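This report refers to the structure that appears directly beneath it.
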Amino acid sequence: MDLHDDEPLSVIDKGLPERAFGLTTAEFLATAPTLDEFWTPLVVLDDEAMSHNIALMAAWVAAHGLELMPHGKTTMAPALWRRQLDAGATGITLATMGQVRIGYAAGLRSIMLANAVTDPRALAALADLVRDPELRLTCWVDSVATVELMQRRLAASGARTAVDVCVELGADGGRTGARTIAEGVEIARAVADADHLRLAGVAGYEGILGHDRSAAAIEAVTAFLRDLVALHERLSDLYDDGDIVVTAGGSAYFDLVADAFAPHVGADPRVHWTLRSGVYLVHDDGFYRGISPLDDGGTATRRLRSAIHGIGRVVSRPEPDLAIVDGGKRDFSADDGLPIARAVAQQVGGPWHPLAGAEAPRISDQHTFVRDADERITVGAVIALGLSHPCTTFDKWRRIPVIEHRGSTRVVDLVRTYF
């Protein structure tokens with residue numbers, strides 16, 4: 001499911017050893033590369049942990065009678081999308097028409113576009129895409145103005161197939177989405193009257209309403225989800241006989257989504273109660289580790305594992321408890337939690353010695369500041385960094401090495417991203 005399986009590796013692929021240049025990924029992997037050949041800074045994926053997370057989430061979703069269309073923007077890696085689909089995901093969610101174009105080229109035929117489409121060229125492309133009878137594509141609308149614009153431009157493009165749309169519900173102070181149920185009903189009526197659009201359900205994103213597991217956050221999220229279900233019920237007379245989607249669920253509160261959907265799952269076979277959680281694939285050592293319902297209690301086999309970490313080499317030890325490593329914002333996410341020093345070694349492949357796990361107090365474009373007095377942190381040593389909010393790590397890397405499991409040095413894949 002990759003777009004360029006035969007594209008030679010080159011100098012623009014950060015971190016790769018020079019001997020990889022000119023080889024395809026398959027040719028390079030056939031040489032049995034090891035992680036200690038790679039340059040720092042580096043981001044590494046753990047194959048065993050990803051397999052565990054995929055299986056755990058697939059089982060959890062099935063146990064709740066839900067469908068899963070994980071958000072592909074997290075990784076923009078078709079090879080990882082395929083693993084999620086093979087485990088039972090019914091499609092992939094994407095955020096822009098540019099991403100949809102990539103996904104379609106990569107072979108996706110079930111896509112949720114969690115956004116409105118208003119660009120005239122993108123709408124012309126959308127009209128062309130939905131002519132494919134094998135493609136199931138649904139996008140969102142959140143205003144009558146958007147409906148009218150889509151209708152007008154789809155008509156002008158010569159669209160022959162109606163585009164499925166979900167009415168998006170939002171909340172005051174949030175991002176997109178109708179602010180009230182009444183407004184959502186008005187939008188749905190406009191969709192039902194538009195011959196180039198089809199009312200396909202309702203959608204929302206509850207994650208914007210909270211950033212922790214406080215009582216206030218849970219109450220706000222729960223109230224929003226009640227409204228989303230109520231909007232769906234208000235639209236019963238406007239739906240046709242086709243499939244309907246009710247979708248919510250980021251990676252922080254999907255348990256609350258399941259609770260809100262539970263009384264309705266199975267009542268109408270046309271309705272697909274769908275989560276869009278995506279970060280579960282790699283989880284993290286920061287924000288999601290602290291908020292995910294699958295990282296709170298339970299045994300290790302029933303808990304998501306962090307399957308991504310950074311590696312930086314110490315380039316300076318200017319103070320007794322301060323080390324400066326050679327990776328920064330250009331390499332590691334820092335938008336929702338800073339990196340955490342997890343272990344130190346003398347080479348990229350280990351052996352690794354645990355550190356106290358202090359959060360980096362500062363990160364700049366090309367450096368991360370690590371506060372730790374451990375005497376093993378010397379100039380030239382490498383530090384394994386736990387990362388937070390991995391969505392903004394993947395976009396910094398064209399190819400990411402995958403090791404067999406945490407502690408292994410064997411590289412079993414190079415994941416290609418398409419940002």
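The values are calculated or read from the model by the stated rules, or taken from the named source; none is laboratory data. Since we're looking at a predicted model, the values are computed, not measured. FYI the Cβ positions are ideal-geometry reconstructions off the backbone, even for glycines, and counts take in every protein chain you see.
Details
- Exactly one residue out of G357, G312 is touching a strand residue (DSSP E or B) at 6+ places or on another chain (Cβ under 8 Å), surrounded by 14 or more Cβ atoms within 10 Å (Cβ to Cβ) and not aromatic (F, W, Y), and it is G312.
- The range 344-356 residues that are in the same structural domain as V370 (by TED's automatic domain parsing), paired with ones that are among the acidic types (D, E) and not in a loop (DSSP other than H, G, I, E, B) (beta carbon under 6 Å, 6 or more apart): Q347/D36; V348/D36; G349/D36
- Unmet criterion (only one of (1) touching a strand residue (DSSP E or B) at 6+ places or on another chain (Cβ under 7 Å); (2) modelled with pLDDT of 95 or more; (3) under 25 Å from S51 (Cβ atoms)) for D395: (1)
- Residue within the range 88-100 that is buried (at least 22 other Cβ atoms within 10 Å of the Cβ), β-branched (V, I, T) and out of contact with any Pro (no Cβ under 9 Å at 6 or more places or on another chain) present: yes
- Of residues in the range 141-164 being under 27 Å from the mean Cα position of the chain (by Cα) and in a loop (DSSP other than H, G, I, E, B), the one surrounded by the most Cβ atoms within 10 Å (Cβ to Cβ): D142
- Considering residues of the range 364-385 that are of a type in the set (D, E, K, R) and part of a loop (DSSP other than H, G, I, E, B) only, the residue farthest from P351 (Cα to Cα): D365
- Any hit, the range 312-323, residues being assigned by TED's automatic domain parsing to the domain that holds E183, touching a residue at least 12 places away in the same chain (Cβ under 8 Å) and either closer than 25 Å to V402 by Cα or not in a helix (DSSP H, G or I) (or both): no
- Any hit, the range 317-325, residues being in contact with a Gly (Cβ under 8 Å, 6 or more places away or on another chain) and buried (at least 22 other Cβ atoms within 10 Å of the Cβ): yes
- A252 vs. criteria within 16 Å of S277 (Cβ to Cβ) and part of a loop (DSSP other than H, G, I, E, B): yes
- Flag if A343 is of a type outside the set (F, W, Y), more than 24 Å from the chain's Cα centre (by Cα) and in a strand (DSSP E or B): yes
- Applying the criterion of at least 1 residues that are among the aromatic types (F, W, Y), over 30 Å from I383 (Cβ atoms) and not assigned by TED's automatic domain parsing to the domain that holds A341 to the helices (runs of 4 or more DSSP H) found wholly in the range 1-116 leaves 47-63, 78-86, 97-105.
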